There are 2 protein chains.
Amino acid sequence: MNLKEFSHHIGLSPTTVSRALNGYPEVSERTRRKVLESAERLGYTPNSRAARLATGRAMTIGHILPLSKEHEMVNPIFSDFIAGAGEQYSKSGYDLSLSVVRDEDEAEAYRDLATRGVVDGAVIHGPKIDDPRIRLLQEIDLPFVVHGRSSRVDGEYNWVDVNNRRAFWRATDFLLDLGHRRIGLINGLDGMDFATRRLNGYGDALAARGIARDPELVFSGEMTENYGFATTMQMLRSPKPPTAILVSSIIPAMGARRALHDLGIGLGDEVSVVIHDDDLSYFRNEGDVPIFTATRSSVREAGRLCADILLDSIRGAQDECRHVLLEADLTVGQSTGPAPAMRHLLDRDRTEVLRRP
Amino acid sequence: MNLKEFSHHIGLSPTTVSRALNGYPEVSERTRRKVLESAERLGYTPNSRAARLATGRAMTIGHILPLSKEHEMVNPIFSDFIAGAGEQYSKSGYDLSLSVVRDEDEAEAYRDLATRGVVDGAVIHGPKIDDPRIRLLQEIDLPFVVHGRSSRVDGEYNWVDVNNRRAFWRATDFLLDLGHRRIGLINGLDGMDFATRRLNGYGDALAARGIARDPELVFSGEMTENYGFATTMQMLRSPKPPTAILVSSIIPAMGARRALHDLGIGLGDEVSVVIHDDDLSYFRNEGDVPIFTATRSSVREAGRLCADILLDSIRGAQDECRHVLLEADLTVGQSTGPAPAMRHLLDRDRTEVLRRP
DNA sequence: TTCATCGTTCAAAGCGGTTTCAAGTTCTGC
DNA sequence: GCAGAACTTGAAACCGCTTTGAACGATGAA
């Protein structure tokens, strides 16, 4: 049933019915009640396709999920973020459009969503340093919000980010306080803005204590379990293994733990591990004393915040760009402890284990 | 720029331009080339909102992500499935609409998508036994495909499923062949169709060898890391611990591994583990010899298949319902081995470790 | 009583495409 | 050279809703 039929059916004009359903004030209460009731009874729901054309609003937010040919990986953080954002969209009557594209087509995909008029706004995920997507969306004048930030981009834009630099500074400092001097860093992909900030936090904390950064102890890559395993193995088998490791996500941290176990090295006593925990729903780092000492920041909450900001900006409620910087407090878990005396790791038997092929 | 302006600009009627862009045959090649070229040059892209109203097609597929209040978990399988399906949608010019709703609102959400006319079809995720969503979509006559199947639903429908029963039968049989007699099962949530089939495969394999199923060894729950940890702990600390465990996903398997390590029990020698591996992109069970012995079936591939079937069915290319049953072959990894003689586990020192609080 | 005002309601003109149907043009075959 | 088929093109209706501008009756002020 369409508006014409429905309105005819209840003896009113399409105009009045439309107004009644959309909450316009010039409809009398009696009429509105009648319309709402009849719509319910007769099962009339306005066709969104028509409404979207008529209003010029798509009532939809675009998210783009880029997959690269080589490492076609879905960022595990994506789903939790989407869950948070989607929740807010639903509340405001917005739909969420998700485009899966090859990463070289990503810019084109944003442009396409905008020119085809299927979205009113978009979210940028995983910004790189000097990310071109930001400039693009500014250019085509599509409202957007960035989950993260992008260094070296000029012009204002909405963003929600974790204070990555401070979190990693704090985590590093914590390990230094425990007496660790050789601290490894298993970071995200090079070029990602968040990875750079984390690296800086780590490096600056070391520098503040006059400790040189050892490039052998810093890794960047996609945050898979295997990546955490391989990098941890490599570090611990090296001539000068670290006594502590910072890991950028709980997923590679699983791999790091596996490596430690495989080598028979105690997690938390012989080698300490601090992770950044995005509070993924299916991977909770919980318990009275969490498994991992961690800097935590819920990515789902970030999704909610991004959605709210974007919707505000679309509705024109916000004139200025909004920035939210989330602090990630350090929670001490079971994976950290005082640095062991170096001789533990230099003990003959142990080194043999560490250096086996 | 809209169609009217554009067509006027290049001296043709809107009709011809529309036809040229949509590949209708009654346009001369010369004209079509001219239109395509000019569109490119002048940057004209048809407004999808208008096209959707005019054609009556939404060119969009709906996915619904239900979140429950208590255990608001995003199924980790979801993102990989979406990645696979979304890839296919893009290729066919379809968009993907994702609705995040509270799970009690899920049925309403499907109905809403259909009556508002924002989708042409939908995917049902994680079907339960006798799933009401299937009947609903049949009733409102919205094309759909189920990722999984639903026992006890009558009527035909499209589905893509893994042969869960056979996979778990096979895995159980494999462990039995290795001499294991007490085999635990860490399964998905009760009521989920896939979990039931897996339980049946496991139970039937045991029964075929005349082994009684011990309810103390069977668990069902949401497949988090902690769930795998807790259930494994419980089993291994029980008076009659299993010598092997089947785990329904790699995520709880991480927890199971953690439990084994914490108890100092060797994975693959003292206790064997077989998992079902959905081949999640950020959690690959790979290597020359995979870490886990596993029945594997790519959920991303399932997503692609579902998308293809659904699109076919929407385009009316398919008259009959299609069913795809994917076989999950067993790959032997490092996590399984012959059952140890029972005395190992009954050794005095060991049991003390196992039974500590 | 009359005129301005207010509160309601409606007719009709969009929104920007697609598609039907008619018409004009160019080819054939005879 | 001409009728009829085969190609191309275009005018106008239509998709189902929103919104502008006008109309109408009721109310209140003059």
Residues located in the stretch B:80-103, provided they are in a helix (DSSP H, G or I) and free of Cβ contacts under 8 Å to residues at least 60 places away in the same chain: B:Ser90, B:Lys91, B:Asp103
The lone exception for B:Asn187 - which of (1) buried (at least 21 other Cβ atoms within 10 Å of the Cβ); (2) over 19 Å from B:Ala328 (Cβ atoms) it fails: (2)
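Report, by residue number, each residue of the stretch A:161-175 that is part of a helix (DSSP H, G or I) and within 13 Å of A:Ser297 (Cα to Cα). Break it down into steps so the answer makes sense when it comes.
Our first condition is that a residue be part of a helix (DSSP H, G or I); within the stretch A:161-175, this holds for A:164-175.
A:Asn164, A:Arg166, A:Ala167, A:Phe168, listed by residue number.
Would it be correct to say that B:Leu136 is surrounded by fewer than 20 Cβ atoms within 10 Å (Cβ to Cβ), in a loop (DSSP other than H, G, I, E, B) and over 16 Å from the mean Cα position of the chain (by Cα)?
no
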Looking only at the stretch A:211-224, and only at residues there that are among the small types (Gly, Ala, Ser) and more than 14 Å from every other protein chain (Cβ to nearest Cβ), the one that is nearest to the chain's Cα centre (by Cα): A:Ser220
The stretch B:225-269 - residue that is free of Cβ contacts under 8 Å to residues at least 24 places away in the same chain and either farther than 13 Å from B:Ser335 by Cβ or of a type in the set (Asp, Glu) (or both) and, of those, farthest from the other protein chains (Cβ to nearest Cβ): B:Pro239
Positions within the stretch B:1-54 being more than 10 Å from DNA strand C (Cβ to nearest atom) and either in contact with a strand residue (DSSP E or B) (Cβ under 9 Å, 6 or more places away or on another chain) or among the aliphatic types (A, V, I, L, M) (or both), in sequence order: B:Ile10, B:Leu12, B:Val27, B:Val35, B:Leu36, B:Ala39, B:Leu42
Entirely in the stretch B:298-357, the helices (runs of 4 or more DSSP H) that have 2 or more residues that are at pLDDT below 85: B:342-346, B:348-355
Residue selected from the stretch A:61-90 under the condition closer than 21 Å to A:Gly126 by Cβ and among the hydroxyl-bearing types (Ser, Thr, Tyr), by the criterion nearest to the other protein chains (Cβ to nearest Cβ): A:Ser79
Conditions (1) under 17 Å from B:Ile291 (Cα atoms); (2) buried (at least 24 other Cβ atoms within 10 Å of the Cβ): number failed by B:Thr231: (1)
Residue selected from the stretch A:277-289 under the condition away from every other protein chain (no Cβ under 11 Å) and part of a loop (DSSP other than H, G, I, E, B), by the criterion nearest to B:Glu225 (Cα to Cα): A:Asp279
Pairs, first more than 7 Å from chain A (Cβ to nearest Cβ) in the stretch B:42-54, second of a type outside the set (Ser, Thr, Tyr) and buried (at least 20 other Cβ atoms within 10 Å of the Cβ), C-beta under 6 Å, six or more apart: B:Tyr44/B:Phe6
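So, B:Arg57, is that one crowded, with 18+ Cβ neighbours inside 10 Å, of a type outside the set (S, T, N, Q) and within 11 Å of DNA strand C (Cβ to nearest atom) or not?
When the stated conditions are applied, B:Arg57 does not pass them.
The values are calculated or read from the model by the stated rules, or taken from the named source; none is laboratory data. Keep in mind the model is a prediction, meaning the values are calculated, not measured. Glycine also receives a Cβ, built like all others from the backbone with ideal geometry; neighbour counts cover every protein chain displayed.
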